[in-house]
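Encoded as structure tokens, the structure appears first; notes follow it.
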Amino acid sequence: MRLPLGVVVKDFIIDGAPTYSISLVGLDGNVAASAVGHKRSQPGGILVQMPNISASNSRLYYLDGDSSVMFLRPDGTTGSATTISVDSNSAAVFAVSPDDSRIAVAVITFPYPAKTRIY
């Protein structure tokens, strides 16, 4: 499938089923590749809705559970990119550079007052 591709995330909200799906979709509306990830838990029992995907020039990265960052390529290949250190009272968000060489991570710890660690 030719680039560019769009991203569709289904069942992202924490409530409900334990998994969500991501898809890379072409301009013609056809799905190039899909994957399923486990939803994050609720840190400290608090419903926290934060982004769980990041796209580079070649891959879509998504959070599987609380700490596993996975990737999906347009050809359907999936794999593990990294693991983020997160405790049970925290939630992680991340962004990957366009060339896949770097990842920025923020870990937010609850309850109030929330603390943020960026690396």
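How high is the relative contact order of the chain, given as a whole-number percent (alpha carbon pairs under 8 Å, six or more residues apart)? List each step's numbers first, then the result.
Details: 255 pairs, mean separation 21.5, N = 119.
Worked out over the chain, it gives 18 percent.
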Problem - Structure-derived semi-axes √(5λ) of the Cα gyration tensor in Å - corresponding label in [x] 26, 16, 11; [y] 28, 14, 11; [z] 31, 16, 15 - result: [x]
Practice task
Using 0.36 nm per residue of separation minus the Cα-Cα distance, give me the extension gain between Arg117 and Val36 in nm, one decimal.
Solution key: 26.4 nm
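Bear in mind that the values in this text are calculations on the coordinates, not laboratory data. Treat the numbers as computed from the prediction; the structure is a model and nothing was measured.
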